[in-house]
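The values are calculated or read from the model by the stated rules, or taken from the named source; none is laboratory data. All of these numbers come straight from a predicted model, not from anything done at the bench. Note that we place each Cβ from the backbone using ideal geometry, even for glycine, and neighbour counts take in every protein chain shown. Keep in mind that these areas ignore ligands, DNA and RNA; they rest on the heavy atoms of the full protein, side chains included. Shrake-Rupley method; radii C 1.70, N 1.55, O 1.52, S 1.80 Å.
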Amino acid sequence: AAERYQLAGRIDEWVVGHAFAWLERNFTQFSKYFGCCAINLSGASLGDPHIKKVVVGFLETSALLPYKVKFEITETSAIANLVEAQRFINGLRAYGCQFSLDDFGSGLSSFAYLKNLPIDTLKIDGMFVKNILNDELDQAMVKSINDIGHVMGKTTIAEFVENDEVCDLLREIGVDYGQGYGLGLPTPLDDLLQQVSDADDRQG
């Protein structure tokens, strides 16, 4: 609905602003426990010069280290707006931000487009991961995406990691990271930071 009524950019602007504000307040603790903060952007924002200007404004006025911020865009939106996506990504990477390509493998001719997108991380589409234990084709697809991603120097993340068995197989394949209920439930940032801080205190 937001995209239909051309409101996705305003939502992205709100999300980015609040994410940067939270990171500013909690930067020391966040940096101690986490590598970076991933922020999803809608496909509409890739071709919106206003959104790019807003993000650049946040980067230039913030005390944050830009490499602590990673923007996630879906493969389908990047392919649909390939030239705009390249400009958007290159413009923000110049400041040090990272980029992740979400739902990789869901589009047509994925590998051909991948060479033209200067991203850091590949997120393997969950539709290939969820049945990886029982479907040899899905397992081969995940292995193929992971291998090519690594050859291109990119980090790989598997979506839909729902249990230990799937996690073990992905680790055997060589996937770098996982995302899913089998690894952790969605949690508000403040709660997550408190959890890892408490765990660190107990270990210390």
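Shown is the FRET efficiency for F111 and S62, computed with R0 = 30 Å from the Cβ-Cβ distance and rounded to the nearest 0.05: 0.25. Counting protein heavy atoms only, the chain has 52 percent of its accessible area on carbon and sulfur, 1.4 angstrom probe. The packing ranking of peptides 184-190, 157-163, 15-21, highest mean first, is 157-163, 15-21, 184-190, where packing means the average number of other beta carbon atoms within 10 angstrom of each residue. Between Q194 and A140, the FRET efficiency from the beta-carbon distance, with R0 = 41 Å, is close to 0.50.
Toward the positive end of the charge dipole of the chain, with +1 on the Cβ of Lys and Arg and -1 on the Cβ of Asp and Glu, the farthest Cα among L65, L137, G105 is that of L65. For A158, the residues whose modelled amide H falls within less than 5 Å of its own, excluding neighbours fewer than 5 places apart on the same chain, are I124, Y177, G178, Q179. Taking all protein chains into account, the per residue accessible area for the chain stands at 55 Å² (1.4 Å probe).
If contacts are Cα pairs under 8 angstrom and at least 6 residues apart, what is the relative contact order of the chain in percent?
14 percent
Please report how many Lys pairs in the chain have alpha carbons closer than 21 angstrom, counting only residues at least 8 apart along the chain or sitting on separate chains. So the count works out to 18.
When only alpha carbons are used to place a centre, region 61-118 and region 184-198 end up 27 Å from one another. Extent along the principal axes, Cα only, for region 132-204: 42, 29, 22 Å, with the longest axis given first.
Approximating the spin labels as points 7 Å out from Cα along Cα→Cβ, the T76-to-R4 distance works out to 1.5 nm.
Positive end of the charge dipole of the chain (Lys, Arg +1 and Asp, Glu -1 on Cβ, about the Cα centre): tell me which of H50, G149, A2 has its Cα farthest that way. Value: H50. The calculated FRET efficiency for Y177 paired with T28, based on their beta-carbon distance and R0 = 30 Å, is about 0.80. Put simply, the amide H of E72, placed in the peptide plane, has neighbours under 5 Å in I39, N40, L41, S100, leaving out anything fewer than 5 places away on its chain.
Checking (i) 136; (ii) 147; (iii) 182 against the coordinates, the calculated volume of the Cα convex hull per residue in Å³ falls under label (i). Whole-Hz Karplus values for region 26-37 come out as 10, 4, 4, 5, 4, 5, 5, 10, 10, x, 7, 10 Hz, taken residue by residue from phi with 6.51 cos²θ - 1.76 cosθ + 1.60 and θ = phi - 60°; glycine and proline positions read x. Here the label points at A19 and D147, each 7 Å from Cα along the C-beta direction, are separated by 3.3 nm in the simple model.
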